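I have placed the structure first, in the form of structure tokens, so that the comments after it can refer back to it.
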Amino acid sequence: MRRICLTLPTNRPCPQAITALGAEAAYAAEHFDVAVHLLILDSCDPEGYARNAAAVRALPALPGTVVHHLDERRQRAFLQRLIGEAGTAKPELMLELMLPGRLSYGACTNRAFLAAAALGCESVHRRDSDSRYQTVDGSPVLPVHHELRSLGRRAADAAAGVTETVLSAEHLDRRVAMVGASFVGELSVDIGDIHRRDAGVYHDVVSLWAPPYWSEEDKRALVAESFKGAGNEPFTEDHALLTLVDPMRVDMCNISFHGVHERVPLPPATDTIGSDYFLIHLVHDAGLPGVLHNRHIVNYYTGERRTDAGFTAYQTRFAKFLLSMLHLNHVYDGMSRHGAALLDRDGEVDAGAVAGLVRDSTRLDDAENVWRLDRLDASYRKLGGRYAVFAAQLAEHRDRLLDEARRDMEDFALLTEEWGRLVRAARVTPLDTPSGPGPGGPA
């Protein structure tokens with residue numbers, strides 16, 4: 001029986017999400033020949049952790065499922081053990097990259113990848129605490145249904161379990177590395193207010209995602225589909241496409257990986273939205289098969305984003321995302337050119353090839369990012385109000401933000417070079433004592 005890891009990284013109280021995730025774990029164990037490790041990596045304060053722990057304790061008995069609810073103290077202890085086992089050259093830096101003091105979307109998912117390896121899981125299935133499942137006739141529409149039908153199978157074999165296949169013959173012997181869908185509901189990035197205030201400014205800001213050399217037509221197309229997911233059309237019936245999945249069609253709140261996550265980590269950049277999307281691009285560019293289904297998750301905004309402090313924090317993460325694209329666009333272009341050359345003779349991703357592209361991106365001139373900050377400053381000042389206040393804060397921290405964008409990629413290159421060693425160490429490092437109602441524990 002194969003083991004899978006259904007994981008929820010969170011830094012907020014989310015009892016409803018935990019309850020829903022328990023139902024998805026139960027569905028997976030009941031309908032597929034799998035043992036489910038339900039992993040909640042919790043970075044809440046003590047009060048928030050207690051609320052989440054109460055939700056874990058309230059889960060009904062989940063046959064075939066083991067629940068792990070780890071606060072940051074227990075996560076750090078696990079990481080210290082495996083980093084010591086790995087014998088990395090810079091253990092203190094490795095620990096900081098895996099569990100930084102600031103928010104990191106990539107780092108929290110990297111911790112889930114290593115925890116899954118420690119639990120003997122062959123796949124990782126990630127959900128988010130600020131999303132929920134659609135329902136049809138009172139029943140949740142669970143993504144794990146499609147994930148477990150295809151993930152890890154040869155594409156030629158997985159074709160029998162999908163609605164449609166669009167793959168060339170050269171890809172059919174490769175294993176399905178990713179199964180995912182998107183979201184419906186609110187924009188994945190909280191910039192809808194900018195569009196309501198000034199559609200022109202919205203275009204100028206969102207188009208900063210693209211390389212400057214793109215045509216205006218290409219930039220308009222990017223802006224038109226950015227951050228919108230699958231729109232608002234509700235689920236009615238299943239459709240699953242076996243293909244090379246377009247990275248714009250899936251979201252990290254609704255994703256699963258097989259194999260590739262043990263070869264290359266996610267960028268551990270702090271305070272940067274989108275830093276956890278790298279593997280989606282890698283799977284596509286390396287020519288690894290994936291399945292795109294339509295069991296989209298519902299995205300919603302938490303109240304914290306509406307506060308002044310939440311606004312400033314989120315806009316900072318968005319600005320840092322735009323600055324990260326100087327480096328990531330370079331890497332994505334390189335991965336696209338390399339294509340199948342990113343794979344070794346066994347058809348697995350060559351981490352060294354990826355690390356080389358990442359490290360090369362750290363040598364780029366900052367002029368493009370200076371231009372981005374200038375454009376962002378002008379746009380936010382035009383909007384006025386708290387956007388103008390935020391623009392002044394950006395200007396004050398300009399040099400630091402430019403330095404951080406480069407250093408984040410240097411850290412990512414180093415982590416990628418060390419990742420194989422960390423994964424091997426994780427496989428022989430106990431995670432923790434399981435908690436919650438699930439019977440038994442990890443073997």
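The values are calculated or read from the model by the stated rules, or taken from the named source; none is laboratory data. Note that the structure is predicted; figures quoted are calculated from it, not measured. As a convention, Cβ positions derive from the backbone with ideal geometry for all residues, glycine included, and neighbour counts pool all protein chains shown. With ligands, DNA and RNA removed, areas are computed over all heavy atoms of the protein, side chains included. Shrake-Rupley method; radii C 1.70, N 1.55, O 1.52, S 1.80 Å.
Descriptive notes on the structure:
- Helix axis angle, 367-383 relative to the chain longest principal axis, alpha carbon, degrees: 80 degrees
- Separation between Cα centres of the range 119-184 and the range 334-398, rounded to whole Å: 29 Å
- Counting heavy atoms of the protein chains alone, residue 171 has an accessible area of about 20 Å² for a 1.4 Å probe.
- 0 to 90° range, to nearest 10: angle between helix 351-361 axis and the chain longest Cα axis: 10 degrees
- Over the chain, relative contact order from alpha-carbon pairs under 8 Å, at least 6 apart, %: 22 percent
- GluC sites (Glu not before Pro) restricted to the range 376-429 and DSSP loop, no more than 12 other C-beta within 10 Å: none
- Restricting the GluC sites (Glu not before Pro) of the range 223-270 to loop positions (DSSP other than H, G, I, E, B) with no more than 14 neighbouring Cβ atoms within 10 Å leaves 237.
- Computed [θ] at 222 nm, deg cm²/dmol, the chain (DSSP H ≥ 4; -39,500 (n - 2.57); rounded to nearest 500): -15000 deg cm²/dmol
- Annotation: cysteines of the chain without a disulfide-compatible partner (Cβ-Cβ under 4.7 angstrom) are 14, 44, 108, 253.
- Prolate/oblate/rounded label for the chain (Cα gyration tensor, a/c 1.5): rounded
- Figure note: 62, 95 ranked by solvent-accessible area, largest first, 1.4 Å probe, ligands and nucleic acids not counted: 95, 62.
- Dimensions of the range 34-144 along the principal axes, based on C-alpha atoms and rounded to the nearest Å, stand at 54, 33, 23, largest first.
- Taken one residue at a time, the phi angles of the range 266-273 give Karplus couplings (6.51, -1.76, 1.60, θ = phi - 60°) of 9, x, x, 3, 9, 6, 9, 5 Hz. Gly and Pro are set to x.
- Anisotropy class of the range 318-443 from Cα gyration tensor, a/c 1.5 cut: oblate
- Trypsin sites (Lys or Arg not before Pro) restricted to the range 325-388 and DSSP loop, no more than 13 other C-beta within 10 Å: 345, 363
- Overall form of the range 106-173 per C-alpha gyration tensor (a/c, 1.5; a/b vs b/c): oblate
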